[in-house]
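One structure is given here, and the rest of the page talks about it.
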Amino acid sequence: MLNQNVDSLYSCSKIRGHCDLLTFHCLDQTRIKADIDRILALFTPENMSIESKDRGAKKVTGMDLGANELVAKLLVQSGLKSQLIESLGQNIFFKNVMLLETIGPTPQLHLHRDRYHSFGKQVGPTVPVYKLVILLEASCNNNSLTRVIPYLKNQDFNNRWIDYIIGKCLTIFAVTAPNEKYSAFLFNGRYPHYRPKLDIGMRRVAIVSIFAPDNNLDYPEQSELNILVKGNS
């Protein structure tokens, strides 16, 4: 277990020694419930749209909904932001936040990386990208939002199809995101990852924060979300 900030509502643990593959377990659900409930209140039919490229997942749309402000407050006051900085050893800059809901049945979201090379070309962002997933409701392993293959982060096959085939062969070794209510999961976008299929009657609800350990045009310090995070610090 990593060092924990005294004021943090989360304990943080590395997965198999990786500093960019972390689980966070909520230590006091009662203290975080009010903030989570305000975010869950945004999950209404009029605020959501179906993402056809995301296997039927619904996402809260429109920055005027106050999602950024609510999530910024949660990241700072829960201690998650300070633990991310401590774990990664550098400052972080947020790009955006997704409020995600999936109701089964939905198919599996294919195995992929957010950043890789293929046939000599850089695919995805040019800087390291990280995702922090905060589960808003309890789930089970079959209902997990994300599964990650930890062994392939530094393997560069320079061929998306070979990368995919090898990744599929290793899915039996995938790490499943924690399923406790309000738990969180951090992973580097270079890890192959996928979202399991969802059976009928099952539901996933989560916050997905995307950030980078660098201040650049894609992840500007002066973006709305970063200003809000700084303002809550």
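Values in this text are rule-based calculations from the coordinates and carry no lab data. Keep in mind it's a predicted model, so treat the numbers as computed, not measured. When we count neighbours, we look across all protein chains shown, and the Cβ atoms used for this are built from the backbone with ideal geometry, even at glycine.
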Next on the checklist: At 7 Å along Cα-to-Cβ for each site, give me the label-to-label distance between GLN155 and LYS14 in nm.
Outcome noted: 2.1
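For ASP199 and ALA34, what is the calculated FRET efficiency with R₀ set at 25 Å and r taken between the beta-carbons, to the nearest 0.05? Don't skip to the answer; put the middle values down first.
On the way: r = 31 Å, r/R0 = 1.24.
According to the calculation, E is roughly 0.20.
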Checklist entry - Using modelled amide H (1.01 Å from N, peptide plane; none on Pro or chain starts), what sits under 5 Å from the amide H of TYR10, excluding residues fewer than 5 places away? => result LEU27
Checklist outcome for this item: Here the FRET efficiency for ASN96 versus ILE172, based on Cβ atoms and R0 = 45 Å and rounded to 0.05, is 0.90
Checklist entry - Over the alpha carbons of region 130-203, what is the largest minus smallest coordinate on each principal axis, giving the biggest first in Å? => result 38, 26, 16
Checklist entry - For region 73-130, what's the radius of gyration and Dmax over Cα atoms, in angstrom? => result 15.8, 44
Checklist entry - Using bins 5 angstrom wide from zero, how does P(r) for region 10-214 break down, in % of all Cα pairs? => result 1, 7, 15, 19, 21, 18, 11, 5, 1, 0, 0
